[in-house]
Amino acid sequence: MGQIILNWLAVLFLPLLLGAAMRAACRRFSKAWLITAAGALLSAVTWFTACHPPILGSELYGLRTIQAVSLTFGSLAAGLALRLKK
């Protein structure tokens, strides 16, 4: 059970928190939205790689896609929360 929790933590929750923390740390800059845009670009690239994997049968590309999408969602959520707070 502990290993499953660590897997969920590493794949889903840590990238979510990292995306939110990066966006919150850059909130003073006028171009902080670039962090979310870079995350969205990363997500698109990982989706393409997961659909056409270089090594067939590997779960790595799907896990990286979930991490990239989670990072993007965290950054987007933090940006919206900061915008609404302002």
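The values are calculated or read from the model by the stated rules, or taken from the named source; none is laboratory data. The structure presented is a predicted model; accordingly, all values stated were derived computationally and were not measured. Cβ placement follows ideal geometry from the backbone for every residue including glycine, while neighbour counts extend to all protein chains displayed. For accessibility, only protein heavy atoms count, side chains too; no ligands or nucleic acids. Shrake-Rupley method; radii C 1.70, N 1.55, O 1.52, S 1.80 Å.
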Checklist entry - Are any residues in region 1-52 farther than 30 Å from residue 85 by Cα and touching a helix residue (DSSP H, G or I) at 6+ places or on another chain (Cβ under 7 Å), and if so, which ones? => result 46, 47, 49, 50
Checklist outcome for this item: Residue hits (region 28-86; hydrophobic (A, V, I, L, M, F, W, C) and part of a loop (DSSP other than H, G, I, E, B)) are 29, 32, 55, 56
Item to check | Selected residue (criterion: modelled with the lowest pLDDT) from residues of region 16-27 that are over 14 Å from the mean Cα position of the chain (by Cα) and open to solvent by 60 Å² or more (accessible area, probe 1.4 Å) | outcome: 27
Checklist entry - (1) surrounded by fewer than 12 Cβ atoms within 10 Å (Cβ to Cβ); (2) farther than 17 Å from residue 74 by Cβ: which one isn't true of residue 8, the others all being true? => result (2)
Item to check | Every residue from region 28-77 that is farther than 16 Å from residue 14 by Cα, β-branched (Val, Ile, Thr), open to solvent by 50 Å² or more (accessible area, probe 1.4 Å) and at pLDDT 95 or above | outcome: 45
